[in-house]
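Colleague: The structure follows.
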Amino acid sequence: MDLKNFTTRDLAFIGMIIALMYIVQTVTILGISALTPVEPAKIVVSAFFVSIVIAIGLAKVGKIGTFTIIGIINGIICGFLMPAFLPLLPTTILGGLAADALTKFKYGQYGTRNSLVAACGVNQLVQTLVILTIPFYFGFSQVILTPTLILVSALITTSLGAAGGLIGSRIVTELKKAGAIGS
C-alpha cells in the first residue's frame, strides 16, 4: 500500500464512508442489543449493512489499501469510543489487510462485483474470528462463546459480508448509471 497513490479526494471519500459506516453500525448494534443479549448477534447482523457501505467506498476509490485505511481509522475510533480497544485495532487492521491482499492477488483492484464480494466476505471472516477468539482465548467469556458458536458466527458473518458486498456492488452500478460516481 502506497499512500502516495491516494488523492485528497480519495481520503475525503474514505472519511465520509467511515462516518456513514459508523452511523449504520451504531443503529444496527443498538437495535440488535435491544432484541437479544447474545454478543455475536451484534457482529453478525451489522456485517451485512456495514459491508454495503464499505463496498460503495471501495468501488469509488478502487485502490488497493483502501480497506486497510478503513481498518486503521475504524480501529482507532473504536478505541476512543469503546473500552475494548486492544482487540479492536488489530482486528480491523487484519481484516483490512486480508481484504486488500486477496483483492490485489486475485483481482488487481477494487471495482468489480467479485472483488467487492470477496473483499467484504474475507474482511468479515477475519474480523469475526479475531474479535470472538481473543476473549475466548483469554477466558473472558468461555460460557457464552464456545468454539462452535465462534465458527458459526464467522461463517454467518462471512456470508452476510459477501452479501453486503454484492448489494453494494449493485448500488455502485446504479450510481454509475446515474452519473453520481465516475466509471
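Please treat every number below as a calculation from the coordinates, not as lab data. None of the values given here were measured: they were computed from a predicted structure. All Cβ positions, even for glycine, are placed from backbone atoms using ideal geometry, and neighbour counts span all protein chains on display.
Colleague: In deg cm²/dmol, rounded to 500, what helix-only [θ] at 222 nm does the chain give when every DSSP H run of at least 4 residues adds -39500 (n - 2.57) and the total is split over its residues? Could you put the intermediate results ahead of the total?
Modeller: Values: 6 runs with 146 residues, N = 183.
Roughly -28000 deg cm²/dmol at 222 nm, from the helical runs in the chain.
Colleague: Could you tell me the number of lysine pairs in the chain with C-alpha atoms less than 18 Å from each other, where the two lysines are 8 or more residues apart or belong to different chains?
Modeller: The number of close lysine pairs in the chain is 9.
Colleague: State, as an integer percentage, the relative contact order of the chain based on alpha-carbon contacts under 8 Å between residues 6 or more apart.
Modeller: After rounding, I find 26 percent.
Colleague: Out of every Cα-Cα pair in region 3-178, what percent are more than 22 Å apart?
Modeller: Value for region 3-178 (Cα pairs over 22 Å): 39 percent.
Colleague: Using a 10 angstrom cutoff on alpha carbons, build the Gaussian network for the chain and name the most mobile of Pro90, Pro37, Pro147.
Modeller: Pro37
Colleague: Which one of Gln25, Leu132, Leu149 is farthest out on the positive end of the charge dipole of region 3-178, using unit charges on Cβ (Lys, Arg +1; Asp, Glu -1) and the Cα centre as origin?
Modeller: Gln25
Colleague: Using +1 on the beta carbon of Lys and Arg, -1 on that of Asp and Glu, and nothing else charged, what's the dipole of region 3-178 about the Cα centre, debye to 20?
Modeller: Using Cβ point charges on Lys, Arg, Asp and Glu, region 3-178 gives about 600 debye.
Colleague: Say we join alpha carbon atoms closer than 10 Å with springs in a Gaussian network model of the chain; which of Leu30, Leu125, Leu94 then has the biggest fluctuation?
Modeller: Ranking Leu30, Leu125, Leu94 by mean-square fluctuation puts Leu30 first.
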